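The values are calculated or read from the model by the stated rules, or taken from the named source; none is laboratory data. Nothing here was measured: the structure is a model prediction, and the numbers come from that model. When we count neighbours, we look across all protein chains shown, and the Cβ atoms used for this are built from the backbone with ideal geometry, even at glycine. Note: areas computed on protein heavy atoms with side chains; ligands, DNA, RNA excluded. Shrake-Rupley method; radii C 1.70, N 1.55, O 1.52, S 1.80 Å.
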Amino acid sequence: MRSTTFDFSALARSRDEFGGGMQWLKVKKFEYLTRYRRNPVTGEQKATSIGRRSPETEGIYDRFITGRADLDRQMDALRPELAEQARMAKALRLSRAPSEIGDVARAIGLSEMIDHITIIGEAAVYSYECEMAALLPREILPDGGMDLLVAGVHPTDVIDEMIAVLRRARIEVQRARLSRDKAAVELKTEEGLSVRLYTISTLDNLVDQYAQVASYGAEAVRWALDQPVMRSILIDRNGRAALVAVLEPRAYCMLRFMALDVEEMSLIRRESSTELNAAVVKLVHERWTEPFAEDHVQTIGPLQDALGDDGPSAPRM
């Protein structure tokens, strides 16, 4: 399933270059090759003239039509396999992520934005289950939204592109607004899913706040943000997989410790998030390829507590 999802997503990103179309338009006695494409944000269709008909423009047109048809054939060939894998995932009860999270993740994974967007919030847990072949207790799984790390100085830098990607996937969103703690820009889908966008700059501000109450924890978060991003998949409740970019799971745990200290949340939400992070810490300790750094274990109290918990292990897939 992982391999098929990776292959299909790569083809979809290549296919995006062929969105819209090309046609010959006659102006007086000449024909001109015209490239047209609809703006998914405004809905307006924009046409650009490539040039008068010539061997060069005919070659451009032929390569466009042939390239698009070839990608469509390759994608169509994978669709039955994806459908069968989705049925198997549901039968094996591996379909875990809420469908609205899966839809947003899939829209990003099928676009070039996968190179610029990383899931850093609790929705990443669904990919860690796939990576470590384990199932966390369903009652502690998150469904409260998606926190994304995006490229740019401020989250508003990518708002239009993000909305365009979602609308191409037929996901409508409300106007962006600042989150309550003003640390992120928040989009909300028609299904009510909150999508919060952070940048390294806005996270640095949170790290500075965290350093005032937990200097060693802040150092661990800075370490976490320096770790390479990894590609994985998550599987939604319809059994459909989505390509995602996520933090290395140890790095994810460090960010969640910070969120629990500096993020505004209700007491019930804080308790459930603490329980979830403790479960992920234990999962990482038992099954990830790299152990937690010893200096992190010695200096971060919540990490020590989670590792010392004798709760049940997550069952294997």
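Converting the Cα gyration tensor eigenvalues of region 1-139 into ellipsoid dimensions via √(5λ) gives semi-axes, longest first, of 41, 17, 11 Å.
In this Cβ point-charge picture (+1 for Lys and Arg, -1 for Asp and Glu), region 244-292 has a dipole of about 120 debye about its Cα centre. Here the Karplus relation 6.51 cos²θ - 1.76 cosθ + 1.60, evaluated at θ = phi - 60°, turns the backbone of region 225-234 into coupling constants of 6, 8, 7, x, 6, 10, 8, 8, 10, 10 Hz, with x for every Gly and Pro.
Are there GluC sites (Glu not before Pro) in region 250-297 that DSSP marks as loop and that have at most 16 other Cβ atoms within 10 Å, and which are they?
Qualifying residues, ordered by number: Glu264.
When you filter the trypsin sites (Lys or Arg not before Pro) in region 60-131 for DSSP loop state and at most 15 other Cβ atoms inside 10 Å of their Cβ, you are left with Arg93. Given +1 at the Cβ of Lys and Arg, -1 at the Cβ of Asp and Glu and no other charges, the dipole of the chain around its Cα centre is 1840 debye to the nearest 20. For the chain, averaging the sequence separation of C-alpha pairs within contact (under 8 Å, six or more residues apart) and dividing by the residue count gives a relative contact order of 19 percent.
To the nearest 20 debye, what is the magnitude of the charge dipole of region 172-317 about its Cα centre, counting +1 on the Cβ of each Lys and Arg and -1 on the Cβ of each Asp and Glu?
Roughly 580 debye for region 172-317.
Judged by the mean number of other Cβ atoms found within 10 Å, the most tightly packed of the peptides 141-148, 21-28 leads the ranking 141-148, 21-28. Considering only beta bridges that DSSP places wholly inside the chain, some 85 percent are antiparallel.
What is the angle, in °, between the Cα long axis of helix 99-109 and the longest principal axis of the Cα atoms in the chain? Nearest 10 is fine, range 0 to 90. Long axis of 99-109 versus the principal axis of the chain: about 60 degrees.
Protein heavy-atom surface of region 1-112, 1.4 angstrom probe: 51% of the accessible area is carbon and sulfur, with nucleic acids and ligands not counted. On a per residue basis, region 1-113 carries 59 Å² of accessible surface, using protein heavy atoms and a 1.4 Å probe.
Of Ser99, Ser215, Ser273, which is the most mobile in a GNM of the chain whose springs link Cα atoms less than 10 angstrom apart? Evaluated over the chain, the most mobile residue of the options is Ser215. Model label sites at Thr289 and Asn205, defined 7 Å from Cα along the beta-carbon direction, differ in position by 3.6 nm. Here the Karplus relation 6.51 cos²θ - 1.76 cosθ + 1.60, evaluated at θ = phi - 60°, turns the backbone of region 27-35 into coupling constants of 10, 6, 9, 10, 10, 10, 7, 10, 9 Hz, with x for every Gly and Pro. Per-residue 3J(HN,Hα) values for region 186-202, derived from phi via the Karplus relation 6.51 cos²θ - 1.76 cosθ + 1.60 with θ = phi - 60°, read 10, 10, 10, 7, 4, 7, x, 6, 8, 10, 9, 10, 10, 10, 4, 4, 5 Hz in sequence order (x marks Gly and Pro).
Relative to the longest principal axis of the Cα atoms of the chain, the long axis of helix 249-262 makes an angle of roughly 70 degrees.
Region 201-255 and region 1-73 have Cα centres lying 37 Å from one another. Using a 1.4 Å probe on the protein heavy atoms, what percent of the accessible area of region 228-285 belongs to carbon and sulfur? Heavy-atom surface of region 228-285 belonging to carbon and sulfur, 1.4 Å probe: 54 percent. For Rg/Rh (Cα atoms, Kirkwood Rh), the candidate list reads (1) 1.01; (2) 1.08; (3) 1.04; the entry that matches the value derived from this model is (3).
Residues in region 124-190 average 50 Å² of solvent-accessible surface per residue, probe 1.4 Å, ligands and nucleic acids excluded. Amide H to amide H distances under 5 Å link Glu248 with Met230, where only residues 5 or more positions off or on other chains count and H is placed in the peptide plane.
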